[in-house]
Amino acid sequence: VMSYPRRLEAVIAAKGDLFGRLMKEDPSTIKGAEALMLGEMLTLPQNFGNIFLGETFSSYISVHNDSTQEVKDILVKADLQTSSQRLNLSASNNTVTELKPESCIDDVIHHEVKEIGTHILVCAVSYTTQAGEKLYFRKFFKFQVLKPLDVKTKFYNAETDEVFLEAQIQNITTSPMFMEKVSLEPSMMYNVTELNTVETGDEGTSTFGKMSYLQPMDTRQYLYCLKPKSEFAEKAGVIKGVTVIGKLDIVWKTNLGEKGRLQTSQLQRMAPGYGDVRLSLEMIPDTVNLEEPFDITCKITNCSERTMDLVLEMCNTRSIHWCGVSGRQLGKVSPSASLSLPLKLLSSVQGLQSISGLRLTDTFLKRTYEYDDIAQVCVVCPYMSRES
């Protein structure tokens, strides 16, 4: 007797495996997405009780008069109780004059879910009998709102003013998702470029392939490049400290085409500190010849709140030799202003060499700023020695 339930469970499990195999063998299903049930066999969800954040909760409400008497002044009210608020979802708060026997009042309500946790749909009905007695009753329907996605972000600061954002999105539900859109809405200070496609001819191909399905517990990485707009990039003091980058907009669809949408809060990053004076490179070659002069262009920006009078000194290193006059005056630089500085140098050693040895001195405060390991350049030999 005790073994019968175990055999029954085994039979049920076997039947479940059989149905899964049939879905995989069905030629009309999408390979790799059999759980979406998009083949010839359309299957409805096996249970109800959970809905995910960002989806739209819809419910059909029907009030039926099961008695043999007509009732009057019927008022149907539907409220959704969350952990923080109570929302009225009724399309109309007007009373219905009368409801005859075997008749019904129907209503469809919708609500975009914006909170996680326990939600309770409260349906209240009040009416008046033929005897003039006012009656009232309520029904409660409880369901859970769960988190569908786990989103993690990382920021990478380039040597220029560009910022790279990596967004890791994980499907933490138990069913596949069709990722309809994942985009970054930048703040007013930045322009954004999506780096999630590969250009092939006139059209771009997604790096994730043609099937944009995210399986349960799978993770995808999305990459974006943000560049400050010209009006902000020219002002050195604007992009300081904590800056707002923008927010992610994610749209997906689940098994039966139910659409969900989530927007993250404003993403923030800590801008790197450059001190009083910032030195960056505007132009540098990738590869140069051994012992041949080459040109670079530096950009010097005054990040302080005072005017500076700068002097440039160029110090040779073991491999890098500067060409030009060291100790020359650059003049006065106002706060948030910048100047371009073309320089010439050569390398006496092959290989990947680090450019170092620049010194800027503010004559007002007698303060010197040192800049080493500014960038790297590959030094190659332009000729090959011939063996005699």
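The values are calculated or read from the model by the stated rules, or taken from the named source; none is laboratory data. Every value quoted in this text rests on a predicted model; they were computed, and no experiment measured them. In this analysis, Cβ positions are derived from the backbone assuming ideal geometry, glycine residues included, and neighbour counts consider all displayed protein chains. The area values use the complete protein model at the heavy-atom level, side chains included, leaving out ligands, DNA and RNA. Shrake-Rupley method; radii C 1.70, N 1.55, O 1.52, S 1.80 Å.
Which value results for Rg/Rh of region 165-225 when Rg is the Cα radius of gyration and Rh the Kirkwood radius based on the inverse mean 1/r? Could you put the intermediate results ahead of the total?
Details: Rg = 13.2 Å, Rh = 13.0 Å.
Answer for region 165-225: 1.01.
Taking max minus min of the alpha-carbon positions on each principal axis, region 327-388 gives extents of 61, 20, 18 Å, largest first. Where does region 279-321 land on Rg/Rh, using Cα atoms and the Kirkwood Rh? Rg divided by Rh gives 1.06.
The solvent-accessible area of residue 150, taken with every protein chain present and a 1.4 Å probe, is close to 40 Å². Tell me whether region 149-271 comes out rounded, prolate or oblate; compute the Cα gyration tensor, take square roots of the eigenvalues as a ≥ b ≥ c, and use a/c under 1.5 as the rounded threshold. Since a/c reaches 1.5 and a/b is larger than b/c, the shape of region 149-271 is classed as prolate.
Taking amide H atoms as placed 1.01 Å from N in the peptide plane, the amide H of residue 55 lies under 5 Å from those of 113, 261, each 5 or more residues away in sequence or on another chain. Considering only 131, 183, 216, and ranking their Cα positions along the charge dipole of region 129-217 that arises from unit charges at the beta-carbon of Lys, Arg, Asp and Glu, the one farthest toward the positive end is 131. Couplings 3J(HN,Hα) for region 129-142, derived from phi with the Karplus relation 6.51 cos²θ - 1.76 cosθ + 1.60 (θ = phi - 60°), are 7, 5, 7, x, 7, 8, 10, 7, 8, 9, 10, 10, 10, 9 Hz, where x marks Gly and Pro.
Accessible area per residue for region 277-380 is 50 Å², calculated with a 1.4 Å probe on protein heavy atoms, without ligands, DNA or RNA.
As a calculated quantity, the FRET efficiency between residue 86 and residue 219 at R0 = 56 Å, using C-beta atoms, amounts to about 0.95.
Under 16 Å of direct C-alpha separation, and excluding same-chain neighbours fewer than eight residues apart, residue 227 reaches these aspartates and glutamates: 159, 161, 162, 166, 185, 194, 282. Rolled with a 1.4 Å probe across the full set of protein chains, the surface gives residue 211 an accessible area near 80 Å².
Averaging over all projection directions, the Cα-based convex hull of region 47-146 occupies 6.8 nm² in the image plane. Note on exposure: 322, 252 ranked by accessible area (1.4 Å probe, complete protein assembly) read 322, 252, with the most exposed listed first.
Applying a threshold of 23 Å to the alpha-carbon distances of 299/366; 77/259; 114/259; 247/299 flags 77/259; 247/299 as lying beyond it.
The residues 156, 190, 371, sorted by heavy-atom accessible surface at 1.4 Å with ligands and nucleic acids left out, run 156, 371, 190 from largest to smallest.
Between residue 269 and 243, 245, the built amide H atoms are under 5 Å apart, and every one of these is 5 or more places off in sequence or on another chain.
With a simple spin-label model that places each label point 7 Å from the Cα along the Cα-to-Cβ direction, the separation between residue 323 and residue 370 comes to 2.7 nm. The fraction of Cα-Cα pairs per 5 angstrom bin, counted from 0 for region 277-380, comes to 3, 12, 24, 25, 16, 11, 7, 3, 0 percent, rounded to whole percents.
Accessible surface of residue 364, taken over heavy atoms with a 1.4 Å probe and every protein chain present, rounds to 110 Å². Comparing Cα centroids, region 251-295 and region 310-353 end up 26 angstrom apart.
Using a probe radius of 1.4 Å on heavy atoms only, what accessible surface per residue do you get for region 64-181? Whole Å² is fine.
On the way: 7040 Å² over 118 residues.
The answer is 60 Å² per residue.
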